[in-house]
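The values are calculated or read from the model by the stated rules, or taken from the named source; none is laboratory data. Since the model is a prediction, treat every value here as computed from it, not as a measurement. All Cβ positions, glycine included, derive from the backbone under ideal geometry; neighbour counts span all protein chains shown. Surface areas here come from the heavy atoms of the whole protein model, side chains and all, with no ligands, DNA or RNA. Shrake-Rupley method; radii C 1.70, N 1.55, O 1.52, S 1.80 Å.
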Amino acid sequence: MTPFAEIFHGDRILEIKMQSNEKNTFDFEAFVLFQEILNKHANNPDLRVLLFTSAQAQFFSNGIEPTLMYGKSEADVRKSVEQLLRTAQTYFHFPVPTIAVINGHCMAAGAVFALFSDYRYMVDKGGRIGFSEAIVGLNFPSIPTVVLQALVGVTATRDLLFTGKQMKGPEAKEIGLVDELFSAEDLFPQSLKFAESLSKLTYNSSRGMKSAMREPYRSQMEALFSSDADLFTKVILSPDGQEGFLSLIEKRRPKFLT
């Protein structure tokens with residue numbers, strides 16, 4: 001089964017539904033395929049809205065597949081980190097409005113893709129969202145940090161990143177991390193209803209407004225790319241970084257050395 005399903009709702013709304021595994025984690029192939037799908041649809045002149053959804057009941061996405069980063073060579077880790085960053089940037093700059101439909105837990109890299117969406121609709125119960133890198137001994141790239149600070153402010157970003165706090169829907173909505181909350185039954189219908197309202201935008205309005213909001217970040221993202229990749233790779237390969245990923249594989253709390 002492919003990690004993603006591509007579903008059109010009429011001509012103007014594309015739904016990309018992630019179905020990679022039970023927790024919707026990203027392995028290297030999933031990062032590559034997601035970027036390829038985005039690039040394939042980017043120039044569709046009829047497209048106005050993208051819905052990013054999950055086929056899993058309890059998870060939107062639990063982020064990076066731990067086996068992708070554990071016990072791998074520096075070259076392999078660097079390759080995976082660069083692909084992650086490039087895929088995230090491709091999604092961030094996707095030329096029409098994007099809506100993350102967060103039906104369950106949304107963590108780490110999964111939360112970055114939600115953050116990089118234009119809108120975030122989340123289930124009101126049974127799901128948490130958070131940037132849990134600190135909990136497993138990792139750092140957090142500068143690129144999503146800049147975007148997160150612009151969305152929720154410096155203080156809330158500080159608290160989210162240093163604590164790795166995993167927030168329930170009402171908490172996330174209170175600080176502006178998500179836009180709306182709905183019951184599990186209403187989440188997708190309400191998201192699609194909103195997408196239908198956005199789909200009435202003209203080609204120039206849909207793409208022009210998105211470009212106006214995203215282009216100011218482009219040069220900053222490119223400038224930070226190498227340093228983010230360098231540091232994230234270094235931290236992943238450190239003893240604590242490897243212990244963090246091993247703890248995820250073994251489903252236990254990490255035992256850090258430093």
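Please find, within region 181-199, the residue that is farthest from PHE52 (Cα to Cα) out of those that are surrounded by fewer than 16 Cβ atoms within 10 Å (Cβ to Cβ) and touching a residue at least 12 places away in the same chain (Cβ under 8 Å).
SER183
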Just to be sure before I move on: is SER54 surrounded by 18 or more Cβ atoms within 10 Å (Cβ to Cβ), more than 27 Å from LEU224 (Cα to Cα) and in contact with a strand residue (DSSP E or B) (Cβ under 8 Å, 6 or more places away or on another chain) in the structure I sent? yes
Here is a check on your reading of the model: is MET213 surrounded by fewer than 15 Cβ atoms within 10 Å (Cβ to Cβ), under 19 Å from the mean Cα position of the chain (by Cα) and at negative phi? yes
Return the residue satisfying two criteria in turn: it lies in region 32-57 and is under 21 Å from ARG86 (Cα atoms) and among the charged types (D, E, K, R), and of such residues it is nearest to the chain's Cα centre (by Cα). GLU36
LEU38 passes all but one of (1) open to solvent by 30 Å² or more (accessible area, probe 1.4 Å); (2) farther than 27 Å from LYS173 by Cα; (3) not aromatic (Phe, Trp, Tyr); which number fails? (1)
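Here are VAL136, VAL123, VAL154: which of them is surrounded by fewer than 17 Cβ atoms within 10 Å (Cβ to Cβ) and aliphatic (A, V, I, L, M)? Step through it out loud before you land on a result.
Details: VAL136 fails: surrounded by fewer than 17 Cβ atoms within 10 Å (Cβ to Cβ); VAL123 fails: surrounded by fewer than 17 Cβ atoms within 10 Å (Cβ to Cβ).
Being surrounded by fewer than 17 Cβ atoms within 10 Å (Cβ to Cβ) and aliphatic (A, V, I, L, M) holds for just one of VAL136, VAL123, VAL154, which is VAL154.
Quick check on region 200-207. Is at least one of its residues assigned to a helix (DSSP H, G or I), in contact with a Gly (Cβ under 6 Å, 6 or more places away or on another chain) and open to solvent by less than 60 Å² (accessible area, probe 1.4 Å)? Explain how you work it out, then say what you get.
Of the residues in region 200-207, the ones assigned to a helix (DSSP H, G or I) are 203-207.
Filter again for in contact with a Gly (Cβ under 6 Å, 6 or more places away or on another chain), leaving none.
No, region 200-207 has no match at all.
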Restricting to region 1-31, name every residue that is under 14 Å from the mean Cα position of the chain (by Cα) and open to solvent by 20 Å² or more (accessible area, probe 1.4 Å). LYS17, LYS23, ASP27
Could you tell me which of the residues GLN19, GLN58, GLN83 is under 21 Å from GLU222 (Cα atoms) and touching a residue at least 12 places away in the same chain (Cβ under 8 Å)? GLN83
One residue from ILE64, ILE102 being buried (at least 24 other Cβ atoms within 10 Å of the Cβ), farther than 13 Å from MET18 by Cβ and under 12 Å from the mean Cα position of the chain (by Cα): ILE64
Given (1) closer than 18 Å to ILE7 by Cα; (2) open to solvent by 20 Å² or more (accessible area, probe 1.4 Å); (3) in contact (Cβ under 8 Å) with a residue 12 or more places away in the chain, index of the condition LEU47 fails: (2)
Quick test of your reading of the structure: GLU250 fulfils all but one of (1) open to solvent by 30 Å² or more (accessible area, probe 1.4 Å); (2) closer than 24 Å to PRO141 by Cα. Name the failing condition by number. (2)
Pick from region 77-99 the residues that are open to solvent by less than 10 Å² (accessible area, probe 1.4 Å) and hydroxyl-bearing (Ser, Thr, Tyr): which of them is farthest from LEU177 (Cα to Cα)? SER80
